[in-house]
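Notes follow the structure.
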Amino acid sequence: MTDIILVRHGHVPGISPERFRGRSELQLTERGQQQAAQTAQWLARHIRPQALYTSPSKRCVDTGHAIAECCDMAAEVLPALNDIDYGTWQGLTHDEVATKWPQAWQRWRTAPQFMRFPGGESFMTMASRAADALLFILDRHANQSVATQPVIVVTHDSIIRTILLLALNQSLSSYWRLAQEPCAINAITVEEDRCVVKLINQTAHLNP
């Protein structure tokens, strides 16, 4: 059995109004830093993590660093956890993309599994990376977890949604049916014969 806590990074510029952030190196906002600190404190109070992995993106590394300090442990960067490469869409607002690439935008919103971003990667490439990251963690931490000693993974909403869909045995076309707020906590348990999703998009630990 392996218990995994999936944590989205804290708030960054480009969340509202929403932009395609992708591989942009963004600093956590003051709000994001507070969210990371609150998440770290909650995790330190309730669990004793055995390992911590982060996306190489700065917003994830910084969120992971806050958790690592509170939990008195080291974080390891896992490249496969990086966000989607949006190519030429990176940095643009959703309205800008919908105006310039209306057909591709519609495909992204209705059938993401068939999307390849102009100058970037395909959705399925990201999904394959997410699956590989999950398999790497499961191989390294097989049969080492108990409920209070999970593996923490700090990454992006795209990776988290994909892993949750895989855990739920749901089609990747359901990508938009899952919400992921900044510093949301998700929990899954992978056993020999099944995968159980225990928590999705939990933000009660964040003070208003």
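The values are calculated or read from the model by the stated rules, or taken from the named source; none is laboratory data. All of these numbers come straight from a predicted model, not from anything done at the bench. Using ideal geometry, Cβ is built from the backbone for each residue, glycine included, and neighbour counts are taken over all protein chains shown. Note: areas computed on protein heavy atoms with side chains; ligands, DNA, RNA excluded. Shrake-Rupley method; radii C 1.70, N 1.55, O 1.52, S 1.80 Å.
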All positions within the stretch 101-143 that are basic (Lys, Arg) and out of contact with any helix residue (DSSP H, G or I) (no Cβ under 9 Å at 6 or more places or on another chain) = 140
Part of a loop (DSSP other than H, G, I, E, B), open to solvent by 30 Å² or more (accessible area, probe 1.4 Å) and farther than 21 Å from residue 86 by Cβ - does that describe any residue in the stretch 177-184?
-> no
Taking the condition over 14 Å from the mean Cα position of the chain (by Cα), modelled with pLDDT of 95 or more and open to solvent by less than 20 Å² (accessible area, probe 1.4 Å), does residue 136 pass?
-> no
Name the single residue, out of those in the stretch 50-102 being of a type in the set (Phe, Trp, Tyr) and open to solvent by less than 50 Å² (accessible area, probe 1.4 Å), that is farthest from residue 16 (Cα to Cα).
-> 53
